[in-house]
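To keep things clear, I will list the structure first and then write my remarks on it.
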Amino acid sequence: MRPVVITGATGTLGRAFERLCAERHLACHVTSRAELDIADPESVERALERLEPWLVINTAGYVRVDAAGGDRERCHRENSLGPQTLATACAAHDVSLVTFSSDLVFDGFKLAPYDEDDTPAPLGVYGQTKHEAEQRVLDHHPGALVVRTSAFFGPWDEHNFVTCSLRTLARGEEVRVPAELIVSPTYVPDLVHATSISRSTASPASGTSRMSAQRHGPTWRGRPLALQDTHRVS
Ligand SMILES: NC(=O)c1ccc[n+]([C@@H]2O[C@H](COP(=O)([O-])OP(=O)(O)OC[C@H]3O[C@@H](n4cnc5c(N)ncnc54)[C@H](OP(=O)(O)O)[C@@H]3O)[C@@H](O)[C@H]2O)c1
């Protein structure tokens, strides 16, 4: 059976998709950077020829939003060039592609939930590279699915905002976050299930899709208070 190839073996989302494939009895191959560097056309070509996937799920990328301004070249390579390289190769091999973008393609001034049809206006380097990737991927592979998502949390990694906040609260310490920040957090298990990978449908949907856990929520500042309440941390 041709496998699903998942890039980003060491990442939160890559590992979550690996679990999903195991749960759905889908053959999958999770690639590390050494095995498949998404921004290196030769590396991508070699991997596609060798692994012969029917679907590539690209979870690889540069995620350090606050560091991106001082690390432009790397952020651009991993977030724009990488997805474009994958899209070009997947289109040439007739392989479906899913890749992940971010809510940070928007400037946040709308003060209401964003929809797929809203016009991107990224404010920082990270958002700019994600916006560029969205355009490049759909130009090179019109059948690809680009998922805009935000602020992961979930039970399968130790470093997300929720688990870090709970650890801090359990130590009896304060969680300090910007008061004005409003984010729709995304529960990683829901995200991977919502991406609807099923061999019977041959390929996931295509185009740009927004997936986050809820449309309205507390500010980042309110979230530790909500956690304190629901998890009974005193
Ligand atoms: N985390 C969030 O809250 C969030 C929110 C919105 C969107 N997203 C997007 O969702 C995707 C997955 O995020 P995540 O949190 O799972 O990321 P993560 O945990 O930081 O993992 C990123 C993965 O990408 C790999 N990678 C980076 N550059 C690569 C390259 N050139 N070739 C191959 N592999 C490469 C890394 O490998 P190494 O270990 O070798 O560096 C790592 O395995 C990213 O595109 C991210 O921008 C994430």
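No value in this document is a laboratory result; all are computed from the given coordinates. On a predicted model such as this, the values are computed, not experimentally measured, just so you know. Quick reminder, even Gly has a Cβ in these numbers, built from the backbone with ideal geometry, and neighbours come from all protein chains shown.
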Exercise for the section: Relative to the longest principal axis of the C-alpha atoms of the chain, give the angle of the C-alpha long axis of helix 125-140, reported between 0 and 90° and rounded to the nearest 10°. Expected result: 30 degrees
Completion exercise
Among Ser209, Val30, His159, the residue whose Cα sits farthest towards the positive end of the charge dipole of the chain, when +1 is placed on the Cβ of each Lys and Arg and -1 on the Cβ of each Asp and Glu, is His159
Problem - Nitroxide proxy distance, nm - points 7 Å out along Cα→Cβ at Phe109 and Arg74 - result: 3.2 nm
Problem - region 1-69, Cα convex hull volume normalised per residue, Å³ - result: 84 Å³
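Only Lys, Arg, Asp and Glu count, each charged at its Cβ (+1, +1, -1, -1), so figure out the dipole size of the chain about its Cα centre, rounded to 20 debye. Don't skip to the answer; put the middle values down first.
On the way: 24 positive and 30 negative charges, 128 e Å.
Dipole size: approximately 620 debye.
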Practice task
Report the normalised scattering of region 44-95 as log10 I(q)/I(0) at q = 0.20, 0.24 Å⁻¹, calculated by the Debye formula with identical scatterers on the alpha carbons.
Solution key: -0.70, -0.86
Problem - Distance from region 97-161 to region 28-75 (C-alpha centre basis), Å - result: 17 Å
Completion exercise
Under the 7 Å Cα-to-Cβ spin-label approximation, Met1 and Asp66 lie apart by a distance in nanometres of 4.3 nm
Handout entry: Free-standing Cys, the chain [no other Cys Cβ under 4.7 Å]
Key = Cys75, Cys90, Cys164
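In the chain, what % of DSSP beta bridges are antiparallel (nearest 5)? Could the numbers behind the result be given before it?
Details: 1 of 24 bridges.
Percentage antiparallel, nearest 5: 5.
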Exercise for the section: Measure off 7 Å from each Cα along the Cα-to-Cβ vector at His193 and Glu35, then give the distance between these two points in nanometres to one decimal. Expected result: 2.7 nm
Practice task
Using the Cα centre as the reference, give the magnitude of the dipole from point charges on the C-beta atoms of region 78-203 (Lys, Arg: +1; Asp, Glu: -1; all else neutral), rounded to the nearest 20 debye.
Solution key: 280 debye
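May I ask for the percentage of alpha-carbon pairs in the chain that lie more than 32 Å from each other?
On the way: 5509 of 27261 pairs.
More than 32 Å apart: 20 percent of the Cα pairs in the chain.
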Problem - Segment Arg19-Glu173, length gained on full extension (0.36 nm per residue, minus Cα span) - result: 52.1 nm
